[in-house]
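The values are calculated or read from the model by the stated rules, or taken from the named source; none is laboratory data. All values derive from a computational prediction rather than experimental measurement. Neighbour counts are summed over all protein chains in view; Cβ atoms, including those assigned to glycine, are modelled from backbone coordinates with ideal geometry.
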Amino acid sequence: MASIQQTPNGPVLVLRESALQQKGKDAQHNNIAAAKLVAELVRSSLGPRGLDKMLVDSLGDVTITNDGATILKEIDVQHPAAKMMVEIAKTVDNEVGDGTTSSVVFGGALLARAEDLLKKDVHPSVIIEGYQAAAEKTLEIYAEMAKKIKPDDRETLLKIATTSMQSKLISEDSDVLSKIVVDAILRVATKKAETYSVDLENIKVEKKAGGSITDTQIIKGIVLDKEVVHSGMPTKIEKAKIALVNSALEIEKTEMSSEIRITDPTQMQMFLEEENRMIKTMVDKLHNVGVNVLICQKGIDDIAQHYLAKYGIMAVRRVKESDMIKLGKATGGRVISNLDELTEKDLGTADLAHQKKVESDKWVFIEGCKNPQSVTLLIRGGSQRLIDEVDRSIHDSLMVVKDVIEKPEIVAGGGAPESYAASKLKDWADSFDGREQLAIKKYAEALEIIPLTIAENAGMDPIDTMATLRAKQNQGRKWTGIDARNTKIADMLAIDVVEPLAVKEQIIKSATEAACMILRIDDVISVSGAR
């Protein structure tokens, strides 16, 4: 409690009486300890031999994963400094998709090394300056190391996707899945001049338990988790001409309250017949334009369903808006609001539209679109838990392939760039005089936590492994890293373990910024109770 300040005129109450304050060393030590604990939580899940975590929420729902961002999102972190570490993982996940565990482990290592310097009375500002200088130098070293590739070099993209999957549950099936991921990305990539851009919104991911992971497939079109609305409609249409309508095929009720007075039963009959006629006119319009598949964002009246079935038009209703947009991109059709404006030019095309049973549900598949700007990945697997983890792994893989297409530079994996940058930083630190040199050397030590942890999680001896790794890198073999699969040290480029430069850069930036932010705090004031 530090809310009362003594003055010559007596005590002055500055903060609320219930306010708690931690100052100086206590505050720093507490924050660093919390952040280190978060890093320790995910540390054992780093690398190809990393282990999974089972997370059980308040409702008893189980999540099994080794994805750093998912682990930290699912656990309810209370400590404010620990929350900052969780934010690193979220940032890295949103920005580049992979490297979430590495960034948190590295951030924790930076704070652990900073704590050693704080105990020796090195001022936090000096540590922060040293860390920031070291981060800039590390990014320079990475940029010099990186290999430029062609953005549409399919072989390299496959290696990138496979490497991302090696540390996941799906590593055994990475050959099949990496091809699917690369295919999906290349289909939706758009080229402007020499650069490519990828919008992952155009890749729809549907998942359904059943079959095995190898039954996962890419569909050159869209899968809708809906069924055909009427049993009298066809469930398979070849050479589909698709109308995308976002208004309802039913008589709309008026906005204001109104009433119709009927004095004669024949008027009632005329009224109903007029409603029927209006709905039939709508369906006739679709039929006359040549539509044989109708995808509707809103409802379809029972009478409309009857007429559609009569014309042999297959219809699906209440489709999500996001799916309508994807359908437009996949089939080349235009989403229309007013049926009167519908022309043949607005229709989308596909080789096949059919209803198919997936496990116990009936879904509509629209396949064989000519140049689909939007595709669907249908994920299968033995159980729901497994599928959820496959979905997370495929998301990471899609993100890293996107990173490489948009910034076509790669480095080796297996801790090789971190270890190489660490040895360069140690030499570079000697050119600094004063205590900043100590901070840069500590930053280099923290970088080595990545290869060290990969080795530990693979059951290798960390001390021997790091000694051999440093020796080989000092001989000029900069791509030497830890081949955790075969528990040995190897040339990572030769065994096709490659990662995007963008991911490595984001890890450095996010972890350094978070560590510096936590180190700057020397006072924690928590005010509890009602205001």
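If ASP361 satisfies every condition in (1) at pLDDT 85 or above; (2) buried (at least 22 other Cβ atoms within 10 Å of the Cβ) but one, which is the exception?
Every condition holds for ASP361 apart from (2).
The rows are residues; the columns are (1) loosely packed, with under 13 Cβ neighbours inside 10 Å; (2) closer than 14 Å to VAL364 by Cβ; (3) touching a Cys at 6+ places or on another chain (Cβ under 6 Å); (4) hydroxyl-bearing (Ser, Thr, Tyr).
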| site | (1), (2), (3), (4) |
| --- | --- |
| VAL223 | no, yes, no, no |
| VAL229 | no, yes, no, no |
| GLY232 | yes, no, no, no |
| SER258 | yes, no, no, yes |
| GLN269 | yes, no, no, no |
| ARG277 | yes, no, no, no |
| VAL289 | no, no, no, no |
| ASP301 | no, no, no, no |
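Any residue at all in the range 480-500 that is within 25 Å of the chain's Cα centre (by Cα) and over 30 Å from SER178 (Cα atoms)?
No, every residue in the range 480-500 fails to be within 25 Å of the chain's Cα centre (by Cα) and over 30 Å from SER178 (Cα atoms).
Any residue in the range 129-149 that's in contact (Cβ under 8 Å) with a residue 40 or more places away in the chain and more than 13 Å from CYS516 (Cβ to Cβ): show its pairings with residues that are β-branched (Val, Ile, Thr) and in a helix (DSSP H, G or I) at Cβ separation under 7 Å, as long as the two are six or more apart or on different chains.
Note: pairs meeting the criteria are THR138/ILE508; LEU139/ILE508; ILE149/THR156.
I'm told ILE495 meets every condition in (1) touching a residue at least 40 places away in the same chain (Cβ under 8 Å); (2) touching a strand residue (DSSP E or B) at 6+ places or on another chain (Cβ under 7 Å); (3) within 30 Å of PRO151 (Cβ to Cβ); (4) not hydroxyl-bearing (Ser, Thr, Tyr) except one. Can you identify the failing condition by its number?
(1)
Condition check: assigned to a helix (DSSP H, G or I) and in the same structural domain as GLU513 (by TED's automatic domain parsing). Does ILE88 satisfy that?
The answer is yes for ILE88.
Of all residues in the range 18-53 being free of Cβ contacts under 8 Å to residues at least 24 places away in the same chain and over 20 Å from the mean Cα position of the chain (by Cα), which is surrounded by the fewest Cβ atoms within 10 Å (Cβ to Cβ)?
Per the criteria, the residue is ASP26.
Go through the range 181-205 and count every residue that is touching a Ser or Thr at 6+ places or on another chain (Cβ under 6 Å) and surrounded by fewer than 18 Cβ atoms within 10 Å (Cβ to Cβ).
Counting residues in the range 181-205 that are touching a Ser or Thr at 6+ places or on another chain (Cβ under 6 Å) and surrounded by fewer than 18 Cβ atoms within 10 Å (Cβ to Cβ) gives 2.
Pairs, please: C-beta under 7 Å, at least 6 apart or cross-chain, first residue within 17 Å of VAL223 (Cβ to Cβ) and in the range 178-203, second among the acidic types (Asp, Glu) and surrounded by fewer than 21 Cβ atoms within 10 Å (Cβ to Cβ)?
Sorted first by the residue in the range 178-203, then by its partner, the pairs are VAL188/ASP199.
Where residues in the range 358-393 are in contact (Cβ under 8 Å) with a residue 40 or more places away in the chain and basic (Lys, Arg), which of them is farthest from LYS168 (Cα to Cα)?
Going through the qualifying residues, I end up with LYS362.
Can you say whether SER510 is in contact (Cβ under 8 Å) with a residue 40 or more places away in the chain, among the hydroxyl-bearing types (Ser, Thr, Tyr) and under 16 Å from TYR443 (Cα atoms), as far as the supplied structure shows?
Yes: the conditions hold for SER510.
Exactly one of (1) over 26 Å from ALA484 (Cβ atoms); (2) assigned by TED's automatic domain parsing to the domain that holds ALA444 is unmet by ALA184. Its number?
(2)
Taking the conditions exactly as written (under 33 Å from the mean Cα position of the chain (by Cα), buried (at least 23 other Cβ atoms within 10 Å of the Cβ) and either at pLDDT 90 or above or not acidic (Asp, Glu) (or both)), does ALA439 satisfy them or not?
For ALA439, the condition - under 33 Å from the mean Cα position of the chain (by Cα), buried (at least 23 other Cβ atoms within 10 Å of the Cβ) and either at pLDDT 90 or above or not acidic (Asp, Glu) (or both) - is not met.
Say whether the condition of being of a type in the set (A, V, I, L, M), outside the structural domain of ILE160 (by TED's automatic domain parsing), surrounded by fewer than 20 Cβ atoms within 10 Å (Cβ to Cβ) and closer than 24 Å to SER397 by Cα is met by at least one residue in the range 443-454.
Within the range 443-454 (the criterion being of a type in the set (A, V, I, L, M), outside the structural domain of ILE160 (by TED's automatic domain parsing), surrounded by fewer than 20 Cβ atoms within 10 Å (Cβ to Cβ) and closer than 24 Å to SER397 by Cα), the answer is no, since none of the residues qualifies.
All but one of (1) modelled with pLDDT under 85; (2) under 20 Å from SER397 (Cβ atoms); (3) in a helix (DSSP H, G or I) hold for ALA27; state the number of the condition that does not hold.
Condition not satisfied by ALA27: (2).
Working carefully through the options GLY332, GLY299, GLY290, GLY328, find the one that is under 29 Å from the mean Cα position of the chain (by Cα) and free of Cβ contacts under 8 Å to residues at least 60 places away in the same chain.
Exactly one of GLY332, GLY299, GLY290, GLY328 is under 29 Å from the mean Cα position of the chain (by Cα) and free of Cβ contacts under 8 Å to residues at least 60 places away in the same chain, namely GLY332.
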